[in-house]
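Just below is one structure, and these are the notes that go with it.
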Amino acid sequence: MRDKTIRVLVAEPMKPCQVREISGLDDMRAIVGGHIQAVYPFRDKVALVCNEEGKYLNLPYNRPLTDDQGIPYDIICGTFFLAGLGAEDFVSLTEAQIHRYKELYDNMAVLTAEIPTPQEKHTESKKKRGMRHER
């Protein structure tokens, strides 16, 4: 039996969201780069599917999850996708859901900066210097 094709919205770090057609678990794993985890942060029937070990694998920060006031309470790491929820499985997003979440996530990003590490002292500067008359 062939898996049915569904339309999802894919969010990659620092890129605009894209609508893609996927079919089956292999496609889902390929998008998130590993084992999938579904979370349900929305009031409507939409799942956010991400890599279940995204934070532990140090995948890049992607988008924040926000409360009703727009205040972030968590960050999704790595690429994720949004899918509709059916009675027993994921289904295609509606056009209205695609529009709503594309508008939301295309205008939201997590900006990060690397924290500089203390510079290692050069071992040459630590070498014992010879007598002044030596070169």
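The values are calculated or read from the model by the stated rules, or taken from the named source; none is laboratory data. Worth saying up front: this structure is predicted, and the values here are computed from it rather than measured. Cβ atoms come from the backbone with ideal geometry, glycine included; neighbour counts cover every protein chain shown. Areas reflect the complete protein model, heavy atoms only, side chains present, ligands, DNA and RNA absent. Shrake-Rupley method; radii C 1.70, N 1.55, O 1.52, S 1.80 Å.
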Condition check for Glu53: touching a His at 6+ places or on another chain (Cβ under 8 Å), part of a loop (DSSP other than H, G, I, E, B), open to solvent by 80 Å² or more (accessible area, probe 1.4 Å) and over 21 Å from Asn107 (Cα atoms): yes
Residue list for segment 17-58, restricted to those being without any contact (Cβ under 8 Å) to a residue 60 or more places away in the chain and among the β-branched types (Val, Ile, Thr): Ile22, Ile31, Val32, Ile36, Val39, Val46, Val49
Test: residue in segment 58-73 that is touching a Pro at 6+ places or on another chain (Cβ under 6 Å) and assigned to a loop (DSSP other than H, G, I, E, B): yes
Extreme residue, nearest to the chain's Cα centre (by Cα), among residues of segment 80-100 that are open to solvent by less than 30 Å² (accessible area, probe 1.4 Å) and closer than 14 Å to Val39 by Cα: Phe80
Total residues in segment 7-48, condition of a type in the set (A, V, I, L, M, F, W, C) and assigned to a loop (DSSP other than H, G, I, E, B): 3
Segment 13-27, subset over 13 Å from Met108 (Cβ atoms) and buried (at least 16 other Cβ atoms within 10 Å of the Cβ), residue farthest from the chain's Cα centre (by Cα): Ile22
